[in-house]
1. With r as the distance between the Cβ atoms of Lys21 and His101 and R0 = 22 Å, compute the FRET efficiency 1/(1 + (r/R0)^6) and round to 0.05.
2. Starting at the first residue of segment 97-109, write each ³J(HN,Hα) from the Karplus equation 6.51 cos²θ - 1.76 cosθ + 1.60 with θ = phi - 60°, in whole Hz, x for Gly and Pro.
3. Take the chain, mark every one of the trypsin sites (Lys or Arg not before Pro) that falls in a DSSP loop and has at most 15 other Cβ within 10 Å, then report the longest stretch left between them, sites excluded.
4. May I ask for the percentage of alpha-carbon pairs in the chain that lie more than 21 Å from each other?
5. What's the local net charge at Val113, with K and R +1, D and E -1, over the other residues with C-beta under 15 Å away?
6. Quick query: amide H of Phe7 versus all other amide H atoms, modeled in the peptide plane; which residues come in under 5 Å with a sequence gap of 5 or more or a different chain?
7. Could you derive backbone 3J(HN,Hα) for segment 77-93 from the dihedral phi with the Karplus parameters 6.51, -1.76 and 1.60 (θ = phi - 60°), listing whole Hz in sequence and x where the residue is Gly or Pro?
8. Show me the GluC sites (Glu not before Pro) within segment 13-105 that DSSP assigns to loop and that have at most 12 other Cβ atoms within 10 Å of their Cβ.
Amino acid sequence: MYPNDGFRELDREECLRLLAKVPLGRIVHTRHALPAVLPVNFGLDEDGAVLLRTSAASELVRAIDGAVVAFEADQVDAVAQSGWSVVVTGPATVVTDPAEHERLVRSGPRSWVPAPQEVFVRIEPELVTGRELVGGRTLYGVDLRT
C-alpha cells in the first residue's frame, strides 16, 4: 500500500473476510501489451484462492492461464464516504484436475453467463493487500464530509 495516505491497511485475514462478502470484482491482466480490466463474478476457495468460472473458449482464459494477474474487489458507500478495497495478486491457472473440477462444479462459483463448456480459473493469493476508509475520516483525523 501507500504509506501515509490516510487509509487504514487491512491484514490478510481481514481482506479475505471482506472478499467473501461481495459477488463481483475486477480481473486485471495484460492484453496486447496493455493493461486490461474486466468485471467478473467470483468465489473464494477454502485456501483464499479467487475462483472464476467461465467459458472454456473465452478470450479471458487464453489471456490469463499461466499469467500473473491482479484481482480487485471493493465496497463503497459514497454517501458515508467510507469503504474498502482488496487486491489479490498471483498466478492464474485453469483447473485441469478432474476431481478438483468436479468439486468446484458442486461448491464453486456459478457463472452469470453460463456456457456449454465451462472451466474454473484459480488465482493463487500470493499477495493480498487491502485498505479501508471509515466514515469519511482519514487516519489523520481530517473529516472528508465537510
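A short reminder: the numbers here are calculations on the coordinates, not readings from a lab. On a predicted model such as this, the values are computed, not experimentally measured, just so you know. We place every Cβ from the backbone using ideal geometry, glycine too, and count neighbours over all the protein chains shown.
1. Details: r = 26 Å, r/R0 = 1.19.
Calculated value: 0.25.
2. 5, x, 5, 5, 4, 4, 4, 6, 4, 7, 10, x, x
3. On the way: sites that count: Lys21, Arg110, Arg145.
Formally, the longest exposed-site-free interval is 22-109.
4. Working: 4953 of 10585 pairs.
Roughly 47 percent, once rounded to a whole number.
5. On the way: positive: Arg53, Arg110; negative: Glu59, Glu118.
Summing Lys/Arg as +1 and Asp/Glu as -1 gives 0.
6. Correct list: Leu139.
7. Per residue, the Karplus-derived 3J(HN,Hα) values read 10, 5, 5, 7, 6, 9, x, 8, 9, 10, 10, 10, 10, x, x, 9, 9 Hz.
8. Here the GluC sites (Glu not before Pro) that fit, given the DSSP loop and packing criteria, are Glu46.
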